[in-house]
Amino acid sequence: MKNRIIELAKANGADIVGFAPAGRFDKNSPLFKIMPETKTVIGFAFRVLRGVYRGVEEGSTYYQYTAMGVQNMEETIMPMAQLRVCNLLEEEGYLAMPQRRHQMIMAEENSTNPEVNYNGIYRGKVQEKQIDFLDTAVKCGLGEKGFHNALLTDEFGPMVRYCFVLTDAVIDADEVTEPHLCDKCGKCKNACPGKAISDDGKIDEWQCAVYYRGANGTKNPFMPPNAFSDFDDRIEIISGEAKVTPETARGIIDHLDFYPPVHIYQSSICARACDIACYVHLEEKGVLVKKFKTPFRKREEWKFSISDFE
């Protein structure tokens, strides 16, 4: 059964498949409220093509990351693999429940999701549980937790997205990955165009949302010189030095109309610069299993001058 699941998942786009027994999770975990009969959690990690980051790396084209690295992964590729595996489990007489993120439901009352419009997020209206995705990925043996709360995998570093299937089938478990990739170098923190990552690795989601969408003009080729002309702290915003609150973040986001969204997903101008910096570091260290003929970072990083906006 396990080998059949792995073969089927990989035939449908999954790159890494891992299995965790129910006993590896706290008895109060939401997964037991979602499906009390859970005996095994199956995790699937999917590579985000290294090529979809290249346009942002070069400053040439931007929609591929969001269209192909976020939307199509979350809405097409990942669900298909989940459904195929669930079909196999149901054919064998087992329960199977796919688990993917609901991008519009937040567990925290005043948090946000940088990948979608803050106006569309339900806070306090839908009392629905979601599992802890990163913790579950680690428990399934897909990878380790990085400093900036990304899943780091031996094959692709942080350039992955992941989802799960809960089942009442008892399947041999995989070992939890012993942390060995993240050396807490801080390159992810330093790469963030809005300083959204704190010294202890915590991420300010509103700060992230503002700069994920391109508020830092030194890294946004679509921002006009007169951007944020009505803001007293416009230079601080454009340079990435502004510290936002949920309220001020909303005001800034409402002015981030430099690039169109991809359906419900907000186009990312930074393309998760934290992940790119992490990947470059891991590649330079030579610790990634998946090798390429040329390094990802081929040239010195480009950057506009803040004087262009003064």
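Each value in this text was obtained by applying a stated rule to the coordinates, not by laboratory testing. Please read all numbers here as calculations on a predicted model, not as lab measurements. Quick reminder, even Gly has a Cβ in these numbers, built from the backbone with ideal geometry, and neighbours come from all protein chains shown.
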Under the 7 Å Cα-to-Cβ spin-label approximation, Val289 and Phe231 lie apart by a distance in nanometres of 4.3
Here the stretch 146-153 yields Karplus 3J(HN,Hα) values (6.51, -1.76, 1.60; θ = phi - 60°; whole Hz; Gly and Pro given as x) of x, 4, 9, 6, 9, 7, 9, 10
Honestly the stretch 2-167 on the Cα gyration tensor test (a ≥ b ≥ c root eigenvalues; a/c under 1.5 rounded, otherwise a/b vs b/c for prolate or oblate) is just oblate
The helix 273-285 Cα axis meets the longest alpha-carbon principal axis of the chain at an angle in degrees, between 0 and 90 and rounded to 10, of 70
From DSSP H assignment alone, runs of 4+ in the chain each adding -39500 (n - 2.57), the sum over residues rounded to the nearest 500 puts [θ] at 222 nm at -7000 deg cm²/dmol
Packing-ranked peptide list from 132-145, 53-66, highest mean Cβ count within 10 angstrom first, is 132-145, 53-66
Rounded to the nearest 5, the percent of DSSP beta bridges in the chain running antiparallel is 95
If the chain between Lys184 and Glu241 were fully extended at 0.36 nm per residue, the gain over the current Cα-Cα distance would be 18.2 nm
Most exposed first, judged by fewest Cβ atoms within 10 angstrom, Asp183, Asp172 run Asp172, Asp183
Applying the gyration tensor rule to the Cα atoms of the stretch 259-310 (axes a ≥ b ≥ c; rounded if a/c under 1.5, else prolate if a/b exceeds b/c, else oblate), the class is oblate
Amide H neighbours of Val160 at under 5 Å, excluding residues fewer than 5 places away on the same chain, with H built from the backbone geometry, are Val48
A correct Karplus calculation of ³J(HN,Hα) over the stretch 58-67, with 6.51 cos²θ - 1.76 cosθ + 1.60, θ = phi - 60°, whole Hz and x for Gly and Pro, returns 8, x, 10, 8, 10, 6, 4, 4, 6, 5
Under a Gaussian network model of the chain whose springs join Cα atoms within less than 10 Å, the largest fluctuation of Asn117, Asn87, Asn216 belongs to Asn87
Check: C-alpha center the stretch 106-178 vs C-alpha center the stretch 223-276, spacing in Å is 26
Expected vector for the stretch 172-179, Karplus 3J(HN,Hα) from phi with 6.51, -1.76, 1.60 and θ = phi - 60°, integer Hz, x for Gly and Pro, equals 3, 7, 9, 6, 6, 5, 6, x
